[in-house]
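Below is one structure, written out as structure tokens; comments come after it.
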């Protein structure tokens with residue numbers, strides 16, 4: 001004899017309550033990518049296209065100098081960000097602080113479109129540690145001088161122009177501690193990236209002298225443009241290089257750009273992934289996306305910066 005099965009019959013009001021509870025359950029949240037980067041590296045339309053393609057939410061936080069970058073990433077062990085943009089020196093520092101994780105280069109297929117010198121990561125100091133890669137090059141430039149053609153009869157040919165008493169109160173400089181000391185050392189004709197303790201006083205004195213000439217210090221490129229357009233500025237130390245030149249020219253400023261005879265510091269910004277990210281796959285997809293020709297090309301077109309996919313045109 002078969003065992004009888006119990007059958008539960010729900011009343012209509014009870015069914016309605018059950019359905020209402022089911023419908024009120026939260027939908028599965030989209031994955032969230034948190035990007036810490038520099039102005040112009042993650043424009044809103046490019047972020048939106050990425051978010052739609054990968055059905056994700058994206059939050060972008062911007063920094064204006066390396067000091068701010070260190071402060072933000074170091075807070076709580078870097079758990080507030082997934083992918084960052086930083087120069088090679090900073091990536092080396094963050095690796096030493098155990099804030100980054102190795103990249104799975106096989107997942108970054110668009111690296112195949114980069115110029116050879118940017119694919120050879122072993123040849124780029126700071127990116128390889130114990131045989132593993134921690135950064136992928138994205139954009140590069142140099143820190144030249146932008147001068148006001150209406151105020152200067154001829155292009156400045158030396159970094160010493162920033163200290164020229166003729167331009168007192170008419171100079172814009174970058175607000176970044178490491179860059180400022182390197183600049184002072186360059187003006188003193190000393191090695192810029194290491195300061196012996198016995199030579200620190202001379203570097204500090206040189207920066208104090210520069211301060212007497214400086215109208216204001218800027219952090220972001222847009223800030224420098226605003227200061228330039230609203231004041232009588234003859235000369236600017238362009239930390240963002242040709243990105244600032246393009247922004248100023250687009251704003252109608254009569255300016256030009258030169259590399260001083262002492263040379264100019266160059267930087268190579270790379271993408272890296274934080275050690276604590278819960279979305280490693282999505283972070284890699286962001287890096288790969290940024291290396292698509294359209295995305296990298298947009299960076300150059302809009303910002304005047306060189307990307308790693310093309311050979312820069314010969315100037316002049």
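Yes/no per residue for (1) in contact (Cβ under 8 Å) with a residue 60 or more places away in the chain; (2) surrounded by fewer than 19 Cβ atoms within 10 Å (Cβ to Cβ); (3) more than 20 Å from residue 38 (Cβ to Cβ):
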{"site": "66", "(1), (2), (3)": "yes, yes, no"}
{"site": "77", "(1), (2), (3)": "yes, yes, yes"}
{"site": "82", "(1), (2), (3)": "yes, no, no"}
{"site": "85", "(1), (2), (3)": "yes, no, no"}
{"site": "94", "(1), (2), (3)": "yes, no, no"}
{"site": "101", "(1), (2), (3)": "yes, yes, yes"}
{"site": "106", "(1), (2), (3)": "no, yes, yes"}
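Being within 15 Å of the chain's Cα centre (by Cα) and at pLDDT 95 or above is true for just one of 234, 272. Which residue is that?
272
Tell me the residue from 280, 275, 302 that is touching a residue at least 12 places away in the same chain (Cβ under 8 Å), in contact with a strand residue (DSSP E or B) (Cβ under 6 Å, 6 or more places away or on another chain), surrounded by fewer than 23 Cβ atoms within 10 Å (Cβ to Cβ) and in the same structural domain as residue 128 (by TED's automatic domain parsing), please.
275
Restricting the search to the range 171-181, which residues are at pLDDT below 95 and either surrounded by fewer than 18 Cβ atoms within 10 Å (Cβ to Cβ) or farther than 16 Å from residue 266 by Cβ (or both)?
175, 177, 178, 180, 181
Among the residues of the range 103-141, what is the count of those that are in a strand (DSSP E or B) and touching a strand residue (DSSP E or B) at 6+ places or on another chain (Cβ under 7 Å)?
Final tally of qualifying residues: 6.
Is it the case, given these coordinates, that residue 252 is outside any strand (DSSP E or B), free of Cβ contacts under 8 Å to residues at least 40 places away in the same chain and under 30 Å from residue 134 (Cβ atoms)?
No.
If only one of 49, 44 is modelled with pLDDT of 95 or more, within 22 Å of residue 272 (Cα to Cα), exposed (fewer than 11 other Cβ atoms within 10 Å of the Cβ) and assigned by TED's automatic domain parsing to the domain that holds residue 284, which one is it?
Of the residues listed, the single one that is modelled with pLDDT of 95 or more, within 22 Å of residue 272 (Cα to Cα), exposed (fewer than 11 other Cβ atoms within 10 Å of the Cβ) and assigned by TED's automatic domain parsing to the domain that holds residue 284 is 44.
The values are calculated or read from the model by the stated rules, or taken from the named source; none is laboratory data. No experiment lies behind these values; they were computed from the predicted model shown. When we count neighbours, we look across all protein chains shown, and the Cβ atoms used for this are built from the backbone with ideal geometry, even at glycine.
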